[in-house]
1. Segment 221-235 to segment 9-38: how many Å between their Cα centroids?
2. Using alpha carbons only, how many degrees (0 to 90, rounded to 10) separate the axis of helix 208-219 from the longest principal axis of the chain?
3. What is the magnitude of the charge dipole of the chain about its Cα centre, with +1 placed on the Cβ of each Lys and Arg, -1 on the Cβ of each Asp and Glu, and no other charges, expressed in debye to the nearest 20?
4. Taking only C-alpha pairs under 8 Å that are 6+ residues apart, what is the relative contact order of the chain in percent?
5. Going by amide H atoms built from the backbone, whose H comes under 5 Å of the H on N130, apart from near neighbours?
6. Any idea what angle helix 115-125 forms with the longest principal axis of the chain, computed on alpha-carbon atoms, 0 to 90 degrees, nearest 10?
7. Which value in deg cm²/dmol, rounded to the nearest 500, describes the helix-derived mean residue ellipticity at 222 nm for the chain, given -39,500 (n - 2.57) per DSSP H run of n ≥ 4 and division by the residue count?
8. Projected area of the chain, taken from the Cα convex hull and averaged over every viewing direction, in nm²?
Amino acid sequence: MQIESLKVFCDLAETRNFTRTAKLNGVSQSAISQQLSSLERQFLPWKAGPEQKKSLLERGNRKCQLTPEGRTLYQYSKRILALYGDLQSRLQETRELISGTIRVATIYSIGLHDLAPYLKQFLKDYPTVNVQVEYRRANQVYEDVASNVVDLGLVAFPASNKKLEIYPLREEELVLICHPQHPLAGKKNLPLAALHQQKFISFERDIPTRKALDKIFKSHSIQVKHVMEFDNIETLKCAVEIDAGLAIVPQSTVVQEVKQGTLAQVTLEGGAFHRPLAALYQKKKTLTPAIKQFLALLRGES
């Protein structure tokens, strides 16, 4: 038995999905099935007769579930993998070696607009590290980190979670955007009260940035007309470009559009309008030298 087989089994137990487990480990679904069968032969020997055969997983239509034997193997495998990861980290530190794989889940706005330059610099400095990035909704990022599907999560307006550590990164300025011909486009600075009863292109209600903006509007007794709601910033910007309404977004996400003249940017007055960014990881997770360096770079300490 190899340590990789235990990792594959734990990934499968946590994702409950053969396709995703295969993608995480860079192998085919048949290879995942073969490794599972190998573990079952080793840990669950059975006598002749198919009716006496046991399994580690019960396969359903969409997701698989651990059997009692599978839960036991999962618990002990997690301990073995944690010790093995700790060993690798200690050995790398003694040799000052930075390598391995970092699995990252990020919300779309960070992944598309903030992460790229940091990732480029990190891979230049540490070419033996493999960074795998997945784009997810905020709630899915939390789930993936908590279930160890990924090593790190990147989110805005981080929420407390008893299973996760929050690693603050920085704050981004939020700005108002509108069509270049909109009456507010010529304003350099705009009081927040001017947004009352304006048509707004908004994020969906469960997205943290939307929740934060709703709280700001409520505290200033401002009501806006939510004419459209989207789950990603790119579609939101397209709606503003056709003059469907106003929007408040991170300034870093509209640099190109403002430069090209397809959107106008207005600074808001009356408060500190910023969104905090943070990385997430499991509280009991052993951070490899590669992960530590990556976090330091994201925070601007490296």
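Every read-out reported here was derived from the displayed coordinates using simple, explicitly stated rules and does not represent laboratory data. If you're wondering where the values come from, they're calculated on a predicted model, not measured in any experiment. Note that each Cβ is placed from the backbone with ideal geometry, even for glycine, and that neighbours are counted across all protein chains shown.
1. Measuring centre to centre over Cα atoms gives 39 Å.
2. Approximately 40 degrees, to the nearest ten.
3. Numbers: 41 positive and 31 negative charges, 159 e Å.
Around 760 debye, computed over the chain.
4. Across the chain, relative contact order equals 21 percent.
5. Amide H to amide H, under 5 Å and 5 or more residues apart or across chains, N130 pairs with G100, T101, I102.
6. Helix 115-125 sits roughly 50 degrees off the main axis of the chain.
7. On the way: 11 runs with 128 residues, N = 302.
Helices in the chain give a 222 nm mean residue ellipticity of -13000 deg cm²/dmol.
8. Mean shadow area of the hull around the Cα atoms is 19.1 nm².
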